[in-house]
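The values are calculated or read from the model by the stated rules, or taken from the named source; none is laboratory data. Because the structure is a prediction, the values reported are computed rather than measured. All Cβ positions, even for glycine, are placed from backbone atoms using ideal geometry, and neighbour counts span all protein chains on display.
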Amino acid sequence: MSEVENSPKSYSGIPKSYSGALLAALAVALLAGVGGLIWSYLLSGKVANQRAGLAEATQENVKLAAELRETNARLKVATDELGSSLGLTQKQMEARAQQIIEREEAQEAKSQRLESAQKQTAQQVSSVSSEVSNVKTDVGGVRTDLGKTQTDLATALSQLESIKGDLSSHSSLIARNHEELELLKHKGDRNYYEFTLAKGQRKPVGTVSLELKKADPKKSRFTLLVYSDDKQYEKKDRNVNEPLQFYSGKEPLLFEIVVNTIGSKNQISGYLTTPKNAPAPSAVH
């Protein structure tokens with residue numbers, strides 16, 4: 001065979017290998033073109049929808065703007081009519097509104113002050129209540145102490161001697177020392193006048209006068225003169241802590257003398273007791 005017969009077959013002078021590649025390229029280009037057309041169609045649809053939505057939104061905005069202008073116009077008309085009906089100008093209405101605001105602020109401030117005052121009052125009431133509780137506690141303690149004192153006084157009074165005086169129809173409680181005399185004073189049913197006398201001395205005691213004539217410390221005995229209502233009573237050879245009784249006054253009242261001690265220097269000490277309704281001395285010595 002010849003060389004021409006052994007070479008690949010061709011169409012219109014183009015080798016077979018080149019014609020296949022061309023067909024493949026044409027197919028790809030065709031697919032790309034079809035895809036581009038499809039994408040362009042879809043994109044144009046979306047754009048159209050967006051344009052339609054935008055147009056609709058624009059129309060809605062135009063409608064809302066128109067409604068807003070109408071509302072503002074109506075509001076202005078209503079405001080003008082209200083101002084006219086009230087006889088108020090715009091400045092007056094603004095001033096009135098400012099007054100209302102200020103009044104509300106003042107009311108709020110007043111409410112805050114009131115709340116603060118209430119809290120302060122509550123704190124003060126709480127403090128006073130605490131102090132009252134403390135006072136009640138103190139009063140309770142004082143009552144307890146007073147009750148104990150009264151009990152102790154009653155016990156001490158019960159321990160005092162009840163002795164018949166030289167007027168045998170009368171007996172009384174006597175104090176044997178200054179402490180017991182203070183207890184009798186606290187009892188409060190008689191007057192008490194303490195005294196100290198030296199021998200030969202005449203001394204006013206209460207509404208009477210007393211004079212010591214004799215004193216015997218060893219035997220605890222003494223003799224005493226009592227001057228009352230221009231009368232003289234001699235209490236002779238009497239014992240220490242013995243009630244010496246006599247009557248004195250326009251309306252005779254029972255007076256009583258008790259000598260508690262006899263000193264070594266012819267001196268005695270004791271007390272005079274008189275009823276509560278007895279005349280008081282002009283001066284107590």
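Quick notes on this structure:
- If you filter the range 150-167 down to residues that are of a type in the set (Val, Ile, Thr) and either touching a helix residue (DSSP H, G or I) at 6+ places or on another chain (Cβ under 7 Å) or modelled with pLDDT of 65 or more (or both), you find that the one that is farthest from GLN245 (Cα to Cα) is THR151.
- Test: residue in the range 258-270 that is within 25 Å of HIS170 (Cα to Cα), touching a Gly at 6+ places or on another chain (Cβ under 6 Å), free of Cβ contacts under 8 Å to residues at least 40 places away in the same chain and assigned by TED's automatic domain parsing to the domain that holds HIS170: yes
Yes or no, residue by residue, for (1) over 60 Å from the mean Cα position of the chain (by Cα); (2) at pLDDT 80 or above:
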position	(1), (2)
LEU30	yes, yes
GLU67	yes, yes
THR71	yes, yes
SER85	no, no
ALA95	no, yes
GLN98	no, yes
ARG103	no, yes
GLU108	no, yes
GLN112	no, yes
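- Residue check for TYR271: in contact with a Ser or Thr (Cβ under 6 Å, 6 or more places away or on another chain) and modelled with pLDDT of 95 or more: no
- Among the strands (runs of 3 or more DSSP E) confined to the range 169-253, the ones with at least 1 residues that are modelled with pLDDT of 90 or more and among the small types (Gly, Ala, Ser) are located at 190-198, 208-216, 221-228, 244-248.
- Of residues in the range 188-219 being within 51 Å of the chain's Cα centre (by Cα) and exposed (fewer than 14 other Cβ atoms within 10 Å of the Cβ), the one farthest from LYS276 (Cα to Cα): GLY188
- Test for SER133: is it surrounded by 10 or more Cβ atoms within 10 Å (Cβ to Cβ) and either closer than 30 Å to THR274 by Cβ or modelled with pLDDT of 75 or more (or both): no
- Scanning the range 224-262 for residues that are in contact with a Leu (Cβ under 8 Å, 6 or more places away or on another chain), of a type in the set (A, V, I, L, M, F, W, C) and more than 18 Å from TYR193 (Cβ to Cβ) yields a total of 0.
- Some residue of the range 218-226 being within 27 Å of LEU183 (Cβ to Cβ), touching a residue at least 60 places away in the same chain (Cβ under 8 Å) and touching a Ser or Thr at 6+ places or on another chain (Cβ under 8 Å): no
- Selection status of LEU244, in the same structural domain as HIS170 (by TED's automatic domain parsing) and in contact (Cβ under 8 Å) with a residue 40 or more places away in the chain: yes
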